[in-house]
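What follows is calculated from the coordinates using simple rules that are stated; it is not laboratory data. Source: prediction; values computed, not measured. A quick note on method: Cβ atoms are made from the backbone with ideal geometry, for glycine too, and the neighbour counts reach across all protein chains shown.
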Amino acid sequence: MEQYSSMITGTGSAVPEKVLTNDDLAKMVDTSDEWIRTRTGIRERHIAEDGIATSDLGARAAQEALAEANLAAEELDLIIFGTITPDMYFPSAACFVQNKIGANNAAAFDVSAACCGFLYGLDLADNLIATGKYHNILVLGGEILSRITDWNDRATCVLFGDGAGAAVVQPSDGKRGIVGNYIKSDGSLAHLLNMPGGGSLLPPSKAAEDPKSFYLQMEGREVFRYAVSCMGDAATTIMSQNGFTGDDLALFISHQANIRIIQAIAKRLNVPDEKVFINLDKYGNTSAASIPIALNEARKSGRIKSGDLVLMVAFGAGFTWASSLVRM
Ligand code: UT7
């Protein structure tokens, strides 16, 4: 018999209006729609207009999730925002969201786990609800990666997009909920995916010495290799820990970074194509926003029904990797 502490009672997502297609990118750098589609599966991505911050997208996603959960913002006791592109170094993007939605009774903080930010937040929320101290937690994942993208670097600028997703997490009704979570990190591989500038090691005052350090930098081929093995580990571990196989899954929601990575993990899990959720063609890799946007779209488009078992798996800078198994 499955035991649950918490359940997801509402989801929401938001992306900026402006769309940048592969053909648009081919006018900016030496690339092509054909290369981007066949190597990644991406066709277009959404890019935030100047003046829009990560918390603006987060607040929009939060409002949709709260409306579905039938919960007033004032009833939230905690806001956890997974992001590596907060509005400012400090305060947290979670605090800006708190103010924008009027969640006056909540504590708010950010989680820095790159593309795993949402699943790390979900694990935290699930465990905090299990203590009985928290009842209504808003978990967000959101990014404006376009602001840390080097638009002259074809190896990275074709990959990323902007957006946010949110979930309201509340005590389980006993019939559905979070079955299990799994989170891992390996800091020895930080050099393969990072943004070196802007922190205490290389502060903004030194920006002129190395302007490229303020852009996301990635060893794509190496990251690909680790993404397949670490997400494979996260997926198979959570499934076997809870006594499930691929046959039990109604839907597999992977971090949307590369279609080839997603297919490799689905194959390892023995999950057929029709049970694999894909939306990276529309959004590219939105880091921490990737999983909650996909979860919201899968639910709102009828791909997830009541009682379905859903597996979510992510991988990102750190490295971090994570999975969550949910009875919806
Ligand atoms: O969210 C965190 C996790 N991130 C990921 O999971 C990303 C993981 N990595 C990847 O998805 C893939 O490694 C990439 C999509 C980034 C790259 O695909 P790849 O098949 O590993 O290509 P590659 O880096 O090995 O490059 C192959 C060729 C190179 O040319 P040469 O050296 O073979 O002549 C690149 O210079 O493709 C070239 N290339 C491009 N060509 C056209 C790299 N980027 C582009 C581009 N357009 N945008």
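Descriptive notes on the structure:
- Candidates per GluC sites (Glu not before Pro) in the range 1-53, loop by DSSP, up to 13 other Cβ within 10 Å: GLU17, GLU49
- With all pairs of separate Cα atoms included, the range 190-274 yields a Kirkwood hydrodynamic radius of 15.3 Å.
- Only Lys, Arg (+1) and Asp, Glu (-1) charged, at Cβ; the range 1-120 dipole about Cα centre in debye: 200
- Two-site FRET efficiency, ALA208 against ASP281, from Cβ-Cβ distance with R₀ of 35 Å, rounded to 0.05: 0.35
- Over the range 179-327: Rg over Rh, Cα atoms, Kirkwood Rh: 1.04
- Our analysis of the range 135-202 gives Rg over Rh at 1.10, with the two radii drawn from alpha carbon positions and Rh computed by the Kirkwood formula.
- Along the chain, counting only trypsin sites (Lys or Arg not before Pro) with a DSSP assignment other than H, G, I, E or B and at most 10 other Cβ atoms inside a 10 Å radius, the longest segment between sites is 134-304.
- The chain - mean residue ellipticity at 222 nm from DSSP helices (-39,500 (n - 2.57) per run, n ≥ 4, rounded to 500): -9500 deg cm²/dmol
- Links that overshoot a 29 Å alpha carbon limit, given the list LYS27/LYS275; LYS100/LYS184; LYS133/LYS175; LYS184/LYS275; LYS18/LYS300: LYS27/LYS275; LYS100/LYS184
- Pairwise centroid distance, computed over Cα atoms, of the range 57-112 with the range 201-220, Å: 29
- Given 15 as the ceiling on other Cβ atoms within 10 Å, longest exposed-site-free region of the chain for chymotrypsin sites (Phe, Trp or Tyr not before Pro) in DSSP loops: 152-328
- Taking the convex hull of the alpha carbon positions in the chain and averaging its projected area over all directions gives 15.9 nm².
- Alpha-carbon spread of the range 6-175, three principal axes, descending order, Å: 54, 34, 25
- Over the range 250-303, Cα pairs under 8 Å with separation of 6+ residues give a relative contact order of 46 percent.
- When only Cα pairs below 8 angstrom with a gap of at least 6 residues are kept, the chain shows a relative contact order of 25 percent.
- In percent, rounded to a whole number, the relative contact order of the range 6-175 is 34, using alpha-carbon pairs under 8 Å and six or more apart.
- Separation of alpha-carbon centers, the range 281-328 and the range 224-264, rounded to whole Å: 11
- With only Cα atoms counted, the range 282-328 has Rg and Dmax values of 11.8, 35 Å.
- In this Cβ point-charge picture (+1 for Lys and Arg, -1 for Asp and Glu), the chain has a dipole of about 560 debye about its Cα centre.
- Neighbour-count order for HIS191, HIS135, HIS255, HIS46, fewest beta carbons within 10 angstrom listed first: HIS191, HIS135, HIS46, HIS255
- Charge dipole of the chain about the Cα centre (unit charges at C-beta), most positive-ward option of ALA67, THR131, PHE90: THR131
- For the range 102-174, the Cα gyration tensor yields ellipsoid semi-axes of 32, 12, 10 Å (square root of five times each eigenvalue, largest first, whole Å).
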